[in-house]
Structures are given as structure tokens and as C-alpha cells.
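What follows is a short report on a single structure.
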Amino acid sequence: MVVMGEPYFAYTIGIWHTFDAPEFFIVGLSQESLHTVCNSYGEAVREGWRPKPCERVADWLEGEEVELHSIADGWKEHYLGIAADDYGTTAFPAVQGIWSSEGAFPNEDAWPERLVGTQFMLFE
């Protein structure tokens with residue numbers, strides 16, 4: 001599910017139900033890149049991989065990494081609303097993928113100035 005706006009974001013629906021793995025959320029990339037990363041997550045889960053807190057994955061975005069963080073339940077209704085409606089609860093597991101650019105993550109000094117504000121965090 002891609003939600004268009006400023007910025008675009010996307011999330012999976014059905015991963016928890018089908019594979020007993022967390023749903024996945026990502027923000028701030030192009031529509032095409034959002035689809036690519038969500039599909040890569042889904043394929044990895046389908047093959048048996050399960051995310052670990054703060055794990056970094058290197059092969060979903062060319063030349064960059066995606067770091068995974070558990071999403072707080074309070075954000076799920078607003079940002080993963082269709083999944084919450086589908087499950088009838090916000091008590092399902094979900095992770096947010098935070099992507100790097102030029103080898104840096106948003107909380108690091110080397111994060112490119114032009115990308116400030118492109119990713120919001122749904123975790124503590």
C-alpha cells in the first residue's frame with residue numbers, strides 16, 4: 001500500500017496474518033523505490049527471514065542500507081490504518097525501515113542536508 005503525499009510512504013498488509021512476521025513501513029522514497037523495498041521485505045519474510053531490532057539490511061536499496069525498528073502501537077492506526085482495520089486492532093507487530101543515503105542515517109551528522117525531514121520516525 002503506497003500512500004501519496006508529502007512525503008510518500010508505504011506499508012505491507014497481510015505479512016503478519018500470512019507469515020506471522022511484522023508488517024513493514026517505510027517513508028520518504030520515490031513511489032517505485034517504496035514498492036521495491038516493500039517487495040524485498042515481503043520476499044525475505046516469505047523465504048523464512050525474520051527482522052531483529054536495529055538490524056541493518058544491505059540489499060534492498062542499491063548502495064544503501066535499511067535499518068529496522070519496531071513501531072509503537074500508537075502510530076499504527078494513523079500510518080498503517082488499512083492494516084489496523086483489516087486486523088481489527090493495532091496490536092500487530094510492525095517495523096519501520098529507515099534508509100541511509102550516502103552511507104549515513106538521519107540521526108547521524110553526515111546525513112545530507114537536502115534530505116532533512118524526508119523520514120519521520122514511528123518508534124522511540
* To do: Report, ordered by the first and then the second residue, all pairs with beta carbons closer than 6 Å, sequence separation of six or more or different chains, a first member in region 109-124 that is farther than 24 Å from G74 by Cα, and a second member that is surrounded by fewer than 14 Cβ atoms within 10 Å (Cβ to Cβ) and at pLDDT 90 or above.
  => P112/E102
* To do: Report, by residue number, each residue of region 53-74 that is open to solvent by 70 Å² or more (accessible area, probe 1.4 Å) and within 13 Å of the chain's Cα centre (by Cα).
  => P53, C54, R56, S70
* Asked: In this structure, is A91 of a type outside the set (K, R), more than 20 Å from Q119 (Cα to Cα) and assigned to a loop (DSSP other than H, G, I, E, B)?
  -> yes
* Structure fact -> Scanning region 1-41 residue by residue, those closer than 16 Å to F92 by Cα and either within 11 Å of the chain's Cα centre (by Cα) or of a type in the set (S, T, N, Q) (or both) turn out to be Y11, T12, T18, P22, E23, F24, F25
* To do: Being assigned to a loop (DSSP other than H, G, I, E, B) and at pLDDT 95 or above narrows it down to one of W49, W111, so name that one.
  => W49
* Just wondering, is there one or more residues in region 37-46 that are outside any helix (DSSP H, G or I), open to solvent by less than 20 Å² (accessible area, probe 1.4 Å) and not acidic (D, E)? -> no
* **Residue check for I13: touching a residue at least 40 places away in the same chain (Cβ under 8 Å), under 21 Å from G103 (Cβ atoms) and touching a helix residue (DSSP H, G or I) at 6+ places or on another chain (Cβ under 7 Å)** => no
* To do: Could you figure out which of (1) within 21 Å of P106 (Cβ to Cβ); (2) surrounded by 12 or more Cβ atoms within 10 Å (Cβ to Cβ) isn't true of S30?
  => (2)
* Asked: Looking at region 81-102, is at least one residue open to solvent by 10 Å² or more (accessible area, probe 1.4 Å) and farther than 18 Å from T12 by Cβ?
  -> yes
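The values are calculated or read from the model by the stated rules, or taken from the named source; none is laboratory data. Please read these numbers as outputs of a predicted model, since none were measured by experiment. Don't worry about glycine lacking a Cβ; one is built from the backbone with ideal geometry, like all the others, and counts go over all protein chains shown. In case anyone asks, the SASA skips ligands and DNA or RNA and just uses the protein heavy atoms, side chains included. Shrake-Rupley method; radii C 1.70, N 1.55, O 1.52, S 1.80 Å.
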